[in-house]
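*Asks:* Questions regarding the structure given below will be posed in turn.
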């Protein structure tokens, strides 16, 4: 295997790896948006029920059950508000989107390098140096990530791309790389 073929293979794997990371973090961002919406709906419903209970207490004298239910609803409303404030799902979603965008940028830069390898528009040494810079950036980005991603998130990302087949990239190449860049051009 010559250096050009080696770089071609390395770039394809790099593109797939950062493509997966991008997709996982996009799915995680979507999950956080869903959690945020659910919390808002639950808070509205609980607040409405609490208000209805308070109105009922004013209209119905000495209803112990109504007072108890209203007190429990009030506690649930306060708890949900506190929980929602302690975990800002909107902020977490934005962070995941920013993280995902960094990996999208790495992917696009690697695709450009793959183009350079396939069509020999740059010297291999330059491409190799640029790839090493992308790898270093990926290490830095990985260190900034929330790596506590639940398996269900990874599974959702996998289903969005294909039925899971980890570390077998041949099928993944077509999901992340255009067909004209998958094979080296002969005689260039």
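The values are calculated or read from the model by the stated rules, or taken from the named source; none is laboratory data. Here the structure is a predicted model, which means the values were calculated and not measured. Please note: Cβ atoms are built from the backbone with ideal geometry, for glycine as well, and neighbour counts cover all protein chains shown.
*Asks:* Applying the selection to the range 31-44, what residues are surrounded by 14 or more Cβ atoms within 10 Å (Cβ to Cβ) and either free of Cβ contacts under 8 Å to residues at least 60 places away in the same chain or not in a helix (DSSP H, G or I) (or both)?
*Replies:* Answer for the range 31-44, where residues must be surrounded by 14 or more Cβ atoms within 10 Å (Cβ to Cβ) and either free of Cβ contacts under 8 Å to residues at least 60 places away in the same chain or not in a helix (DSSP H, G or I) (or both): 35, 36, 39, 40, 42, 43.
*Asks:* Would you confirm whether any residue within the range 116-129 is under 21 Å from the mean Cα position of the chain (by Cα) and either under 30 Å from residue 9 (Cα atoms) or crowded, with 17+ Cβ neighbours inside 10 Å (or both)?
*Replies:* For the range 116-129, residues under 21 Å from the mean Cα position of the chain (by Cα) and either under 30 Å from residue 9 (Cα atoms) or crowded, with 17+ Cβ neighbours inside 10 Å (or both): absent.
*Asks:* Going by what's in this entry, would residue 78 be described as more than 30 Å from residue 109 (Cα to Cα), surrounded by fewer than 14 Cβ atoms within 10 Å (Cβ to Cβ) and either within 33 Å of the chain's Cα centre (by Cα) or without any contact (Cβ under 8 Å) to a residue 24 or more places away in the chain (or both)?
*Replies:* When the stated conditions are applied, residue 78 passes them.
Quick grid of which residues meet (1) surrounded by fewer than 15 Cβ atoms within 10 Å (Cβ to Cβ); (2) in contact (Cβ under 8 Å) with a residue 12 or more places away in the chain; (3) closer than 30 Å to residue 149 by Cα:
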{"residue": "49", "(1), (2), (3)": "no, yes, no"}
{"residue": "55", "(1), (2), (3)": "yes, no, no"}
{"residue": "60", "(1), (2), (3)": "yes, no, no"}
{"residue": "64", "(1), (2), (3)": "yes, no, no"}
{"residue": "71", "(1), (2), (3)": "yes, no, no"}
{"residue": "92", "(1), (2), (3)": "no, yes, yes"}
{"residue": "103", "(1), (2), (3)": "no, yes, yes"}
{"residue": "107", "(1), (2), (3)": "no, yes, yes"}
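*Asks:* Say whether the condition of being at pLDDT 90 or above, closer than 30 Å to residue 120 by Cβ and in a loop (DSSP other than H, G, I, E, B) is met by at least one residue in the range 2-25.
*Replies:* For the range 2-25, residues at pLDDT 90 or above, closer than 30 Å to residue 120 by Cβ and in a loop (DSSP other than H, G, I, E, B): present.
*Asks:* Something else about it: Looking only at helices (runs of 4 or more DSSP H) that lie completely in the range 57-176, which have at least 3 residues being modelled with pLDDT of 85 or more? Spell out how you get there, then give the answer.
*Replies:* Values: elements: 64-86, 89-119, 124-144, 151-161, 170-176.
Output list reads 64-86, 89-119, 124-144.
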